[in-house]
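Let me begin by presenting the structure, written as structure tokens, before commenting on it.
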Amino acid sequence: MDNKVVTRFAPSPTGFMHVGGIRTALYAYLWAKKNNGTFILRIEDTDKEREVEGSIDHIIESLKWLNINWDEGPNIGGSHEPYLQSQRLDLYKKYAQILIDKGLAYPDPYTEEEVDSFRTKAESEKRPFLFRDHRPASTGVSLGGPENFEKWDGSKPLRFKVPEIKSYHWNDLVYGDLSAGPEALDDFILIKSDGYPTYNFAHIVDDIEMGVTHVMRGQEFISSTPKFLSIYEALDIKPPLYATLPPIMGKDGKKKLGKRDGAKDVLEYRNEGYLPGAMINFMALLGWNPGDDREIFTMEELIKVFDISRIGHSGAQWNDEKLDWMNKEHIKKLSLEDMKEEIFKYLPEELKSEKIISIVRERVSKWSDINDMLEKGELDFFYKEPEYEKEKLIYKNSSLEKVSENISKAIFELEKINEKDFTTDNVKNVLMQIANSLESRGELLHPIRYALSGLDKSPDPFVIADILGKNETLSRLQKAV
Ligand code: GLU
């Protein structure tokens with residue numbers, strides 16, 4: 001065996017892909033890529049009752065949007081096909097047979113009602129329910145031996161006969177030494193009576209078959225790890241390395257991230273106009289840090305710097321403001337062409353002008369904010385003359401006379417600029433010269449901004465003048481006077 005790193009993301013198709021799942025996928029992906037290894041996508045669809053129609057497509061679409069591309073898995077295949085567990089049933093039977101042959105698996109002879117009554121009894125006696133306390137005599141109870149087993153015909157669940165009841169100690173790459181006592185071990189079901197394996201069994205068979213070297217997943221699996229380790233022991237196969245990821249906490253930092261604060265469908269973030277690169281960047285930092293104060297990374301940069309040893313222990317906190325900030329940083333890095341393509345998707349025909357791009361990009365943190373700008377009329381000045389009450393032109397406790405006087409000065413100076421030189425910088429030079437000669441710059445800049453845009457808060461007046469051009473700018477200023 002070579003020591004090539006193999007990681008996998010193994011979602012169950014039980015609903016939409018949320019940020020917690022994506023972060024797991026991302027870390028597994030980054031670790032594989034960093035080590036020139038293989039990243040596998042495997043769909044764990046063996047719980048037919050919990051399966052939600054459409055979720056496999058949704059998982060695939062989400063990962064693709066975020067550029068978390070698998071080397072092996074659905075749609076592209078690979079040397080361990082197929083990648084849907086429901087299509088691998090023979091393989092689980094093969095491994096089950098190995099355990100049966102070793103005397104380590106037996107058919108569960110009880111009805112569901114009987115198992116329930118054992119459970120109720122244990123609960124009423126305030127002790128944990130353990131199936132192994134009810135091992136049927138045919139298993140030889142503690143002695144065991146294949147010759148005593150009832151034959152398994154598939155009509156009953158097949159259970160694992162835990163060979164040794166003991167404590168397990170293992171090393172987690174994130175949390176260090178972990179252990180769990182014998183109560184974590186039980187004769188759990190390997191294959192259900194519907195023919196499908198349980199998660200506990202199937203994922204182990206697949207991790208073995210697919211050569212997985214590093215398993216990354218959430219803390220909820222720690223308590224079951226002794227079960228997994230006992231299966232590896234029974235099969236005489238070395239388990240993979242485990243890297244348990246810290247939970248993602250909600251905004252309050254106390255509870256795990258819930259649907260209300262961000263654990264929503266990741267494709268909703270796409271619909272809101274977040275950039276995939278920003279989402280990746282944000283999620284990478286939810287539970288991992290680069291060891292310095294850098295915060296903005298591309299996927300390529302993440303692949304270089306990502307390291308399991310820098311995954312944290314405590315829950316990382318979700319923060320919408322931070323995500324918005326990060327998205328804005330990523331928007332700044334887009335090429336003009338890319339930016340234009342995105343922004344134009346949101347603009348009505350009459351606003352599709354290159355000149356508007358700089359204004360929009362300054363003022364949004366995600367593309368859907370453009371809708372808010374349009375709704376508030378923040379871009380109307382671009383194609384219609386603003387309407388406003390003249391008093392609004394007055395800066396603080398100045399007067400209408402002053403407004404008129406100052407704007408007239410501006411008109412006089414702006415007239416001198418050639419139409420083709422009417423740029424943001426040139427307009428700025430002229431206007432700032434006048435503004436600096438006044439008691440307060442606002443006495444000029446406020447009325448100009450208002451006269452050009454009709455808005456209290458607008459892009460700076462020089463940019464607007466540039467966008468409107470010399471004629472329109474002067475006409476709006478004249479009108480104000
Ligand atoms: N199918 C499991 C889940 O979606 C995968 C857990 C694992 O990575 O082993 O939770």
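The values are calculated or read from the model by the stated rules, or taken from the named source; none is laboratory data. Nothing here was measured: the structure is a model prediction, and the numbers come from that model. As a convention, Cβ positions derive from the backbone with ideal geometry for all residues, glycine included, and neighbour counts pool all protein chains shown.
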Kindly indicate whether any position in the range 244-263 is within 30 Å of SER335 (Cβ to Cβ) and either in contact with a helix residue (DSSP H, G or I) (Cβ under 9 Å, 6 or more places away or on another chain) or more than 13 Å from the ligand (Cβ to nearest atom) (or both).
yes
Got at least one residue in the range 40-49 being of a type outside the set (D, E, K, R), at pLDDT 95 or above and within 22 Å of ASP307 (Cβ to Cβ)?
yes
Out of all the residues in the range 359-377, which are out of contact with any helix residue (DSSP H, G or I) (no Cβ under 7 Å at 6 or more places or on another chain) and within 19 Å of THR424 (Cα to Cα)?
GLU362
Candidates ARG23, ARG8 - the one that is crowded, with 19+ Cβ neighbours inside 10 Å, in contact with a Lys or Arg (Cβ under 7 Å, 6 or more places away or on another chain) and within 23 Å of MET279 (Cα to Cα):
ARG8
State all residues of the range 205-230 that are within 10 Å of the ligand (Cβ to nearest atom), in contact (Cβ under 8 Å) with a residue 24 or more places away in the chain and farther than 20 Å from SER167 by Cβ; if no residue qualifies, say none.
ASP206, ASP207, VAL212, VAL215, MET216, ARG217, GLY218
Complete set of residues in the range 388-416 that are touching a residue at least 60 places away in the same chain (Cβ under 8 Å) and either among the small types (Gly, Ala, Ser) or in contact with a strand residue (DSSP E or B) (Cβ under 9 Å, 6 or more places away or on another chain) (or both):
SER404, SER408, ALA410
Identify all residues within the range 212-238 that are surrounded by fewer than 18 Cβ atoms within 10 Å (Cβ to Cβ) and either over 26 Å from the mean Cα position of the chain (by Cα) or closer than 26 Å to LYS156 by Cβ (or both); write none if there are none.
SER224, TYR232, GLU233, LEU235, ASP236, ILE237, LYS238
Subset of the range 13-49, residues more than 23 Å from GLY250 (Cβ to Cβ), outside any strand (DSSP E or B) and out of contact with any Phe, Trp or Tyr (no Cβ under 6 Å at 6 or more places or on another chain), comes to PRO13, TRP31, LYS33, ASN35, ASN36, GLY37, GLU44, ASP45, ASP47, LYS48, GLU49
Just to be sure, is ARG119 out of contact with any strand residue (DSSP E or B) (no Cβ under 9 Å at 6 or more places or on another chain), surrounded by fewer than 18 Cβ atoms within 10 Å (Cβ to Cβ), charged (D, E, K, R) and within 21 Å of GLY218 (Cβ to Cβ)?
no
Name every residue in the range 1-30 that is more than 12 Å from the ligand (Cβ to nearest atom) and of a type in the set (S, T, N, Q), in order of residue number.
ASN3
Return the residue satisfying two criteria in turn: it lies in the range 186-204 and is within 10 Å of the ligand (Cβ to nearest atom) and under 19 Å from GLN87 (Cβ atoms), and of such residues it is surrounded by the fewest Cβ atoms within 10 Å (Cβ to Cβ).
TYR199
With the first residue restricted to the range 44-60 and required to be touching a residue at least 12 places away in the same chain (Cβ under 8 Å), and the second required to be assigned to a loop (DSSP other than H, G, I, E, B) and away from the ligand (no atom under 12 Å from the Cβ), Cβ contacts under 6 Å at 6 or more apart or on different chains are THR46/TYR196; HIS58/PHE16
Flag if ALA234 is small (Gly, Ala, Ser), within 14 Å of the ligand (Cβ to nearest atom) and touching a residue at least 24 places away in the same chain (Cβ under 8 Å)
no
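Based on this model, can you work out whether GLY37 counts as over 20 Å from the mean Cα position of the chain (by Cα), more than 14 Å from the ligand (Cβ to nearest atom) and small (Gly, Ala, Ser)? Full working, then the answer.
On the way: over 20 Å from the mean Cα position of the chain (by Cα): yes; more than 14 Å from the ligand (Cβ to nearest atom): yes; small (Gly, Ala, Ser): yes.
Here the answer is yes, as GLY37 does meet what is asked.
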Could you list all residues from the range 41-55 that are closer than 14 Å to GLN85 by Cα, away from the ligand (no atom under 11 Å from the Cβ) and either acidic (Asp, Glu) or in contact with an Asp or Glu (Cβ under 6 Å, 6 or more places away or on another chain) (or both)?
GLU51
